[in-house]
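The values are calculated or read from the model by the stated rules, or taken from the named source; none is laboratory data. Here the structure is a predicted model, which means the values were calculated and not measured. We place every Cβ from the backbone using ideal geometry, glycine too, and count neighbours over all the protein chains shown. Accessible surface is based on the protein model in full, side chains and every heavy atom, while ligands, DNA and RNA are left aside. Shrake-Rupley method; radii C 1.70, N 1.55, O 1.52, S 1.80 Å.
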Amino acid sequence: MEDNEYTRQRRQHLADIAALGFATHPAGYSRTHSVSEIVATYGTYPAEALEQEAIAVRVPGRIQAINLMGKAAFIRFTDGAATLQAYLRRNELPENEWLLFKRLDLGDFIGVAGKLFRTKTGELSVHTEQLTFLTKALLPPPDKHYGLHDIELRYRRRYADLMANRDVRAVFVKRARIIQSIRRFFDARGYLEVETPMLQPIASGATARPFITHHNALDMPLYARIAPELYLKRLIVGGFEKVYEINRNFRNEGLSTRHNPEFTMLEFYEAYATYEDLMTLTEELITEVVAQTCGTETLTYNDATISFARPWRRLTMQEAIIAYWPTPDRPQLADLADLDGVTRAMERLHLPVAPTAGYGKRLGELFEHVAEPHLIQPTFITRFPTELSPLARHADDDPNFVDRFELFIGGMECANAFTELNDPDEQRRRFEQQLAARATGDDEAMPLDEDFVRALAYGMPPTAGEGIGIDRLVMLLTNQRSIRDVILFPHLRPESPPAP
């Protein structure tokens, strides 16, 4: 903790408060209202009504401002969401409580008991009859005008950021409401919310590098969950027809404005549905969440106006590449139908071509470069190569593609879904292809999960499943450009080397 003149002064004030007979760290405070409840209930009451009803309150909060005016004083305090004013007069308080007031600092927590009234300027206030000390802030709060503007410091000291920046608090309140809305949506449609392991013996369910730990009692490695997919599909095998989970996933990868190593996903699975059914369901879900949490179907994100009005556009991956090709001589569908054609298209744009990458990976890289940044309005991209989709069912008309979509909004992938592969023999073959890719140096290729193959052998009904990135959805609905602005405690490099 910083030791400076301000801290030493505050410590002296704390010692003085103790000498006055007050507990320095009392347990609890019996309140009748929060600040927000008082403002919401009585904020429009006229002065005459407050005087007639003589509304007594006991309310705690953190001090934001102190204004001493001779033998009277005003204290502005907050519960983090709303603010209220306390009016104190020296001759109306016990002597030790007035002396307590003289030793309060900005950031301290107090309890105020008295009756509500309006000042001559019309401000709702508490005419204080009792002042209670609750907690001393040994460090001063950030100045609301000149405080936490360093972005990294704001992430590191989110507690101070929340004190100083009301807009930051609003983002995380909206995040909570978004998640509540999602739960209501699925609960109303008969889905069962479930929980799956966060520590798993096999890092599978997605293509990503895992975090690795060790279980001492079992003497075995465990992996922080990169996805809950295979466990949720095991539940479909077991007889649950609709399941969802709002979960934390962990991927040992780079950081960016769209990536954090720990992130929140919604995953849901429905027996007898197809990926096309989930496109309709996804439109319904997101438009309902937008309406409930934003009150509109048109939002601003990153200087763009995004309309969530349905229906949303649908393009195949190849069609998207052609639609957003950066030069007039656009390729045709036939030009993107095989490895040689995709390679020539990449070379035309001077994109690097990995010699071991197959058709699917090259098509995916071409799409990411040419089309993805331009997908601002909600757009479903379909017809993914099988090589990119080891857990998806192949398309009936061409086994080189699968029944899959990704949803893009604001130039970001926000959802990924497919009709699930439920053929155990084909699933084993796909896993073996992933093992071969891993053997050539692909660290993100999936390992073989024998138990999941065994689960499929018991029989999984036709099923569709989807994952939606909660963090990115919150970014869109709160107009935040960095994922760190929608995660309360994002991962950062340490401020100094950790102690050995």
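Remarks
- All positions within segment 300-357 that are of a type in the set (S, T, N, Q), farther than 19 Å from residue 388 by Cβ and free of Cβ contacts under 8 Å to residues at least 24 places away in the same chain: 305, 327, 332
- Options 167, 161, 143, 150; residue that is open to solvent by less than 20 Å² (accessible area, probe 1.4 Å), out of contact with any Cys (no Cβ under 7 Å at 6 or more places or on another chain) and either among the polar types (S, T, N, Q) or more than 30 Å from residue 53 (Cβ to Cβ) (or both): 161
- Selection status of residue 308, open to solvent by 20 Å² or more (accessible area, probe 1.4 Å) and among the aromatic types (Phe, Trp, Tyr): no
- Taking the listed residues 243, 290, the one that is closer than 16 Å to residue 473 by Cα, in contact with a helix residue (DSSP H, G or I) (Cβ under 7 Å, 6 or more places away or on another chain) and open to solvent by less than 10 Å² (accessible area, probe 1.4 Å) is 290, with no other qualifying.
- Within segment 160-189, residues that are under 30 Å from residue 106 (Cα atoms) and free of Cβ contacts under 8 Å to residues at least 24 places away in the same chain reach no partner that is open to solvent by 20 Å² or more (accessible area, probe 1.4 Å) and aromatic (Phe, Trp, Tyr) with beta carbons closer than 6 Å at six or more positions or on different chains.
For (1) open to solvent by 10 Å² or more (accessible area, probe 1.4 Å); (2) in contact with a His (Cβ under 7 Å, 6 or more places away or on another chain); (3) among the acidic types (Asp, Glu), each residue gets a yes or a no:
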{"site": "466", "(1), (2), (3)": "no, no, yes"}
{"site": "471", "(1), (2), (3)": "no, no, yes"}
{"site": "475", "(1), (2), (3)": "no, no, no"}
{"site": "488", "(1), (2), (3)": "yes, no, no"}
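- Enumeration of residues in segment 206-259 that are β-branched (Val, Ile, Thr) and either assigned to a strand (DSSP E or B) or within 20 Å of residue 271 (Cβ to Cβ) (or both): 212, 213, 236, 237, 243, 246
- Checking each residue of segment 286-295 against the condition of being out of contact with any Cys (no Cβ under 8 Å at 6 or more places or on another chain), outside any helix (DSSP H, G or I), free of Cβ contacts under 8 Å to residues at least 60 places away in the same chain and within 26 Å of residue 369 (Cα to Cα) gives no match.
- Only one entry in 455, 436, 445 is of a type in the set (A, V, I, L, M, F, W, C) and surrounded by fewer than 14 Cβ atoms within 10 Å (Cβ to Cβ), namely 436.
- Some residue of segment 20-41 being of a type in the set (A, V, I, L, M, F, W, C), touching a Phe, Trp or Tyr at 6+ places or on another chain (Cβ under 7 Å) and part of a loop (DSSP other than H, G, I, E, B): yes
- Just one of the listed residues (173, 194, 126) is touching an Asp or Glu at 6+ places or on another chain (Cβ under 7 Å) and either open to solvent by 60 Å² or more (accessible area, probe 1.4 Å) or modelled with pLDDT of 90 or more (or both), namely 194.
- Restricting segment 337-351 to residues that are of a type in the set (D, E, K, R) and farther than 15 Å from residue 317 by Cβ, the residue that is most open to solvent (accessible area, probe 1.4 Å) is 344.
- Applying the condition of being under 14 Å from residue 131 (Cα atoms) and touching a strand residue (DSSP E or B) at 6+ places or on another chain (Cβ under 7 Å) to segment 13-41 and asking which residue is least open to solvent (accessible area, probe 1.4 Å) yields 17.
- A search for C-beta distances below 9 Å between a residue of segment 226-248 that is without any contact (Cβ under 8 Å) to a residue 12 or more places away in the chain and any residue that is hydroxyl-bearing (Ser, Thr, Tyr), counting only pairs 6+ apart in sequence or on different chains, returns 238/458.
- Of all residues in segment 42-64, those being in a helix (DSSP H, G or I), open to solvent by less than 40 Å² (accessible area, probe 1.4 Å) and touching a residue at least 60 places away in the same chain (Cβ under 8 Å) number 2.
- Of all residues in segment 269-285, exactly one satisfies the criterion of being in contact with a Pro (Cβ under 6 Å, 6 or more places away or on another chain) and part of a strand (DSSP E or B), namely 271.
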